[in-house]
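Colleague: Handing you this structure, nothing more for now.
The values are calculated or read from the model by the stated rules, or taken from the named source; none is laboratory data. The structure displayed is predicted, hence computed values, not measured ones. Cβ placement follows ideal geometry from the backbone for every residue including glycine, while neighbour counts extend to all protein chains displayed. Note: accessible area is taken over every heavy atom of the protein model, side chains too, but ligands, DNA and RNA are not part of it. Shrake-Rupley method; radii C 1.70, N 1.55, O 1.52, S 1.80 Å.
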Amino acid sequence: MTIYNDYDLTCHNTFGISATCRRYIDYDSTEDAIKAGRMISQQPYIIIGGGSNLLLVGNYDGTVVHSSVMGIESDIIGNNVMVRVGSGECWDHLVAHCVEQGWHGLENLSLIPGDTGAAAVQNIGAYGAEVKDYIYKVEGIEVDSGRTVSFGVADCHYAYRDSIFKNELKGKVLITHVTLLLSREFVPNISYGGISTYLTDHGIKHPDARQLRAAIIDIRRSKLPDPEELGNAGSFFKNPVVDKTVYERLKERFGDDMPHYSVDDEHEKIPAGWMIEKCGWKGRRVGNAGVHDRQALVLVNHGGASGQEILALCNSIRSDIKDMFDVDLQPEVNIV
C-alpha cells in the first residue's frame, strides 16, 4: 500500500484538470484494501479508478482511494472460461489479452478507458454490449466492517450505466476482483453503430475476434478524441431513456430526423449527442472548455480548463436540452 499527502491528481483524471487531494491511498492486495478501509472509514473519501469517468471541480479535502490490484487468472470450464481480474487492471489491456487467448465476448468493449473495477461499477457499454452481460461476480472489502464481500451479477442491480455500487453501496466497497464469464466460441456482435458497414467497406465478410476488435478501435478513434491529446472523459452524458408518450411527442415534432432505439415496450432511448447537436452545441467552445467537433456527447478541455468551467458548460447544455426537448439530460461522469 502506498500513501501520499497533498497529492496532485492531474494525472489521475483524463480531463487533465489540475486538482489535489489531502491524502491518496493506493492498495494492491485484499489485505491492503482492508487496511485502507480502516484508515478511511471515519473521514471524507472517494474511490476512483482510472479517472476516465471523473470531473474534479476543485481540490478535494479528503482521501482518494485507488486500486492497483493486478493479475488475470482463468479457469476453463467446457466451452466457457472464468476470468478473475484484479480491479486495477487496465480494462482495454484485459480485452486485448482475452482476444489473444481466445476468450470471447468483450470485443465490442475495446478501447474503453479506465480500470476493470471501475468498469464493473459503471456498467460500461458500447456498440451493443454492456459489461454486465459478462460479469459473474464482483469481490471487495466492505469499508466499515473490513469483511470480504462478494456480489453475483444479480446482486449488482445492473442497469444502463448504473449499479448498486453507484447507489446503495456507493463508496462502501473497495473492489478487489471482478470475475467474468466468457466463451471459447466466437460469435460476432456486428449489428450496432455502423460496425457492419465498416466491415463491408473493408472487405471483411466473416470477421474473427481480432478483426472485430480492430474495427471497434478504428471506429472509436474516428469519433472520439484521445485524452492524451485533448482532455476528456468520453461520453459525458447518458443517452436519455424516455417513456413512449414523451417519445411520441418528440417524434411528432422532429419526425424521422430523430434517431431512437427501443429499450422495451414502454421506453425509447434517444441519443444525447443528437439532442446536443440539435441545440447547436457541437464544436462550440466556451473559454477553455468545449464540445467536441466530431462527437457532441464529449466535452473537452482545450487546455487549462478548470473543473468549474467544464461543469458550467455541462449545465448550459442541460438547460438548452430541457428548453428544447423538455428532457432532463443526466451526466454519465462522476462529478466531485
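Colleague: Which residue out of Val85, Val81, Val95, Val65 is within 29 Å of Tyr261 (Cβ to Cβ), of a type outside the set (Lys, Arg) and modelled with pLDDT of 95 or more?
Modeller: Result: Val95 is the single residue among Val85, Val81, Val95, Val65 that is within 29 Å of Tyr261 (Cβ to Cβ), of a type outside the set (Lys, Arg) and modelled with pLDDT of 95 or more.
Colleague: Which ones in segment 68-81 are open to solvent by less than 10 Å² (accessible area, probe 1.4 Å) and either assigned to a strand (DSSP E or B) or within 22 Å of Glu228 (Cα to Cα) (or both)?
Modeller: Val81
Colleague: With the checklist (1) open to solvent by less than 10 Å² (accessible area, probe 1.4 Å); (2) in contact with an Asp or Glu (Cβ under 7 Å, 6 or more places away or on another chain) in hand, flag the one item Arg84 doesn't pass.
Modeller: (1)
Colleague: Could you tell me whether His260 is in contact with a helix residue (DSSP H, G or I) (Cβ under 9 Å, 6 or more places away or on another chain) and not hydrophobic (A, V, I, L, M, F, W, C)?
Modeller: Spelling it out, His260 is indeed in contact with a helix residue (DSSP H, G or I) (Cβ under 9 Å, 6 or more places away or on another chain) and not hydrophobic (A, V, I, L, M, F, W, C).
Colleague: What number of residues within segment 103-131 are among the small types (Gly, Ala, Ser) and buried (at least 21 other Cβ atoms within 10 Å of the Cβ)?
Modeller: 7
Colleague: Can you tell me which of Asn59, Asn5, Asn13, Asn53 is under 23 Å from the mean Cα position of the chain (by Cα), open to solvent by 50 Å² or more (accessible area, probe 1.4 Å) and on the phi < 0 side of the Ramachandran plot? If you could, list the steps in order and put the result at the bottom.
Modeller: Working: Asn5 fails: under 23 Å from the mean Cα position of the chain (by Cα); Asn13 fails: open to solvent by 50 Å² or more (accessible area, probe 1.4 Å); Asn53 fails: open to solvent by 50 Å² or more (accessible area, probe 1.4 Å).
None of the others qualify; the one that does is Asn59.
Colleague: Give me the pairs: first residue in segment 217-228 and within 16 Å of Tyr192 (Cα to Cα), second residue of a type in the set (A, V, I, L, M) and surrounded by 11 or more Cβ atoms within 10 Å (Cβ to Cβ), beta-carbon distance under 6 Å, and six or more apart or on different chains, which are they?
Modeller: Hits for this filter: Ile217/Leu111; Arg220/Leu111.
Colleague: Okay, moving on. Test Glu100 against the criterion of being farther than 20 Å from Ser52 by Cβ, open to solvent by 10 Å² or more (accessible area, probe 1.4 Å) and not in a strand (DSSP E or B), and give yes or no.
Modeller: So Glu100 passes the test.
Colleague: Now for a separate question. Quick test for you: out of Phe254, Phe237, pick the one residue that is among the aromatic types (Phe, Trp, Tyr) and in contact with a helix residue (DSSP H, G or I) (Cβ under 7 Å, 6 or more places away or on another chain). Spell out how you get there, then give the answer.
Modeller: Values: Phe254 fails: in contact with a helix residue (DSSP H, G or I) (Cβ under 7 Å, 6 or more places away or on another chain).
Exactly one of Phe254, Phe237 is among the aromatic types (Phe, Trp, Tyr) and in contact with a helix residue (DSSP H, G or I) (Cβ under 7 Å, 6 or more places away or on another chain), namely Phe237.
Colleague: Which residue pairs have Cβ atoms closer than 7 Å, lie 6 or more positions apart in sequence or on different chains, and pair a first residue in segment 275-290 that is in a helix (DSSP H, G or I) and open to solvent by 40 Å² or more (accessible area, probe 1.4 Å) with a second residue that is among the small types (Gly, Ala, Ser) and at pLDDT 95 or above?
Modeller: Glu277/Ala296
Colleague: Please give the number of the condition Ala19 fails out of (1) open to solvent by 30 Å² or more (accessible area, probe 1.4 Å); (2) closer than 30 Å to Ala305 by Cα.
Modeller: Every condition holds for Ala19 apart from (1).
Colleague: Return a yes/no flag: does segment 174-185 have any residue that is outside any helix (DSSP H, G or I), free of Cβ contacts under 8 Å to residues at least 12 places away in the same chain, farther than 21 Å from Asn123 by Cβ and open to solvent by 30 Å² or more (accessible area, probe 1.4 Å).
Modeller: Checking segment 174-185: not a single residue is outside any helix (DSSP H, G or I), free of Cβ contacts under 8 Å to residues at least 12 places away in the same chain, farther than 21 Å from Asn123 by Cβ and open to solvent by 30 Å² or more (accessible area, probe 1.4 Å).
Colleague: Name the single residue that is most open to solvent (accessible area, probe 1.4 Å) among those in segment 295-315 being in contact with a strand residue (DSSP E or B) (Cβ under 6 Å, 6 or more places away or on another chain) and assigned to a loop (DSSP other than H, G, I, E, B).
Modeller: His302
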